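The values are calculated or read from the model by the stated rules, or taken from the named source; none is laboratory data. Owing to the predicted nature of the structure, the values given are computational and were not obtained by experimental measurement. We place every Cβ from the backbone using ideal geometry, glycine too, and count neighbours over all the protein chains shown. Accessible surface is based on the protein model in full, side chains and every heavy atom, while ligands, DNA and RNA are left aside. Shrake-Rupley method; radii C 1.70, N 1.55, O 1.52, S 1.80 Å.
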Amino acid sequence: MNVALLLLALLPRQESFECKDGYELKYKWRAPESIEEGKKYPLVLCLHGAGGSTQAVRALSRRSPEPCFVFAPKVETKKYSWSSKRIKAIPYVLEALDVLVGKHPVDPDRIYVNGQSMGGAGTWGALSARPRFFA
């Protein structure tokens, strides 16, 4: 495999999820480079700040001491928020997360959430919405 193809394979994929009410949640997704049959992997949910972007997916993909899935949803911050300032987006995130966890070999005991700035408030929102779900 040439270097350009290898680098392309390492980049997070931009995807979208259609929620039950029709909202399209855009997100970046990164899977472990190789997935062993029968093995479960941690998942890290990364919530961006009010600036609307995060480098967490790329950073975790390169620096994580253990292979993991990385899920980084993105919302339009003028209309949506992870907290209650605007339309709450956490229910959309949790809906998409449930589907992703069902499709991939995710270890349910190692699902983590983090965020900076507005994403930090969203971290608290996710934890309060599902107090026993996250590690």
Where the Cα pairs of the stretch 85-135 fall when distances are cut into 10 Å bins, in %: 23, 57, 19, 1
What spacing in nm lies between the two simple spin-label points modelled at residue 55 and residue 117, each 7 Å away from Cα in the Cβ direction? 1.4
Residue 109 and residue 76 label points (each 7 Å along its Cα→Cβ direction) are spaced in nm at 4.3
Run the 1.4 Å probe and let me know the accessible area of residue 36, rounded to the nearest 10 Å². 110
Expected field for residue 99, accessible surface area in Å² at 1.4 Å probe radius, rounded to 10, holds 60
